[in-house]
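Right, one structure below, let's go through it.
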Amino acid sequence: MTEKPILITSQEMQKVLHRLFLKYNFTEEKAQSMADTFTENSLAGVNSHGINRVPLFIKYVKEGVIQVDAEAEKAETFGSIERWDGNLGPGIINAKKCTNRAIELAKLHGMGLVALRNTNHWMRGGFYGWQAADAGCISILFTNTLPNMPAWGGKDSRIGNNPFIVSIPRKNGHVVLDMAISQFSFGKIKEYKLKNQKLPYPGGWDENDELSDDPEKILSKERGLPIGYWKGSALSIILDMLATLLSAGDSTYKIGLKEYETGISQVFLCIYPEIFNDKNIQEKLLNEIIDFTHDVEPMQPGNKTYYPGERTLLTRAKNLKEGIPVNEAIWNTVLELAAS
């Protein structure tokens, strides 16, 4: 039987998380920044990389995997390209900082790239796509992960589900693609497990090497299904290569040798479209594509098509009004962690 989630206001979630992060010795600024981000991710309907991920984040803090006082520092400069070292600081803080730096470089040069090594999980990658779009920049962002998918045709996991984000600023709602290279992120698979629900489509292999829609069976071996089968496998490998080479950081292979998923490599590429001096035309072209996509008869009556990021805006508005649906057991765990 599926448990009905409880509803938590964004204000209450921010308040509890802020208190929690202060308890674990984060500065006031970092505690607020992370509380805002975890809450925003949950508001957007991505609890798997929002409130659901908080207990694991605190476990990593306790184990010393995440260095509370550390944050990303510039290591090398090559004009509009920079390499940064995350010093194993909190992934959210490092990713926000490197996104802002890529935005600065883009506004200076037209395009800016920051490659970050030695960091921790950034939670929901789409957050930084929205961050860049709010600043008026196009962005292309990606990260590698621990091995959690088989390369196509292989039995054991050798590649990561390496999230990939593209964002485009737009007056009437930014366009933001945020996807893992697995059919479902493992956070999303765990969310289905919490709800005692099967996946809507197969999401990985079970212990008998059969594709499965059962979260429990997929999680037992952590062998996710690449999007597009062999094409997703190839894309995962390429993104890992780019993140590793550009940052001079650890590959999925090296990350998999560690006890925890840490020392991740990430790329933050921003483009400043104002340099083209045709903003009105840009908006018109985007709307033309969106209108053409919307203007189609749905396969199922009552359904409709969406551009990337459109449903995020709808979900966020709904959750702001009604409260964020949260698994009660997870919320109680967070409250216990935050208690004095």
Within region 155-176, is even one residue closer than 22 Å to residue 204 by Cβ, without any contact (Cβ under 8 Å) to a residue 60 or more places away in the chain and not aliphatic (A, V, I, L, M)? yes
Residues in region 203-221 that are part of a loop (DSSP other than H, G, I, E, B) and surrounded by fewer than 17 Cβ atoms within 10 Å (Cβ to Cβ): how many? 4
Matching helices (runs of 4 or more DSSP H) fully within region 1-73 where at least 1 residues are open to solvent by less than 10 Å² (accessible area, probe 1.4 Å) and closer than 20 Å to residue 185 by Cβ: 28-43, 54-62
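Only one residue in 136, 187, 173 is at positive phi, open to solvent by less than 20 Å² (accessible area, probe 1.4 Å) and either in a loop (DSSP other than H, G, I, E, B) or touching a helix residue (DSSP H, G or I) at 6+ places or on another chain (Cβ under 6 Å) (or both), so which one is that?
Step by step, each of 136, 187, 173 is checked, and only 173 is at positive phi, open to solvent by less than 20 Å² (accessible area, probe 1.4 Å) and either in a loop (DSSP other than H, G, I, E, B) or touching a helix residue (DSSP H, G or I) at 6+ places or on another chain (Cβ under 6 Å) (or both).
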When region 282-340 is checked residue by residue, the ones that are modelled with pLDDT of 95 or more, among the hydroxyl-bearing types (Ser, Thr, Tyr) and farther than 23 Å from residue 175 by Cα are 333
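It is to be established whether one or more residues within region 144-155 are closer than 25 Å to residue 222 by Cβ, touching a strand residue (DSSP E or B) at 6+ places or on another chain (Cβ under 6 Å), open to solvent by 20 Å² or more (accessible area, probe 1.4 Å) and aromatic (Phe, Trp, Tyr).
Looking for residues that are closer than 25 Å to residue 222 by Cβ, touching a strand residue (DSSP E or B) at 6+ places or on another chain (Cβ under 6 Å), open to solvent by 20 Å² or more (accessible area, probe 1.4 Å) and aromatic (Phe, Trp, Tyr), one finds none in region 144-155, hence no.
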Scan region 109-120 for residues that are in a loop (DSSP other than H, G, I, E, B) and surrounded by fewer than 24 Cβ atoms within 10 Å (Cβ to Cβ) and jot them down. 110
Taking region 314-328 and the residues there that are touching a strand residue (DSSP E or B) at 6+ places or on another chain (Cβ under 9 Å) and among the hydrophobic types (A, V, I, L, M, F, W, C), the one that is nearest to residue 42 (Cα to Cα) would be 324
Residue check, residue 75 touching a Phe, Trp or Tyr at 6+ places or on another chain (Cβ under 7 Å) and more than 23 Å from residue 222 (Cβ to Cβ): yes
In this structure, does residue 171 turn out to be closer than 30 Å to residue 230 by Cα and either of a type in the set (Lys, Arg) or in contact with a Lys or Arg (Cβ under 7 Å, 6 or more places away or on another chain) (or both)? no
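Identify all residues within region 74-88 that are part of a strand (DSSP E or B), open to solvent by 40 Å² or more (accessible area, probe 1.4 Å), in contact with a strand residue (DSSP E or B) (Cβ under 7 Å, 6 or more places away or on another chain) and among the hydrophobic types (A, V, I, L, M, F, W, C); write none if there are none.
Selection gives 75, 81.
Per-residue answers, yes or no, for (1) within 21 Å of residue 124 (Cα to Cα); (2) touching a helix residue (DSSP H, G or I) at 6+ places or on another chain (Cβ under 9 Å):
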| position | (1), (2) |
| --- | --- |
| 257 | no, no |
| 273 | no, yes |
| 287 | no, no |
| 290 | no, yes |
| 309 | yes, yes |
| 319 | yes, yes |
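The values are calculated or read from the model by the stated rules, or taken from the named source; none is laboratory data. A quick note: this is a predicted structure, and the numbers were derived from the prediction, not measured. In this analysis, Cβ positions are derived from the backbone assuming ideal geometry, glycine residues included, and neighbour counts consider all displayed protein chains. Note: areas computed on protein heavy atoms with side chains; ligands, DNA, RNA excluded. Shrake-Rupley method; radii C 1.70, N 1.55, O 1.52, S 1.80 Å.
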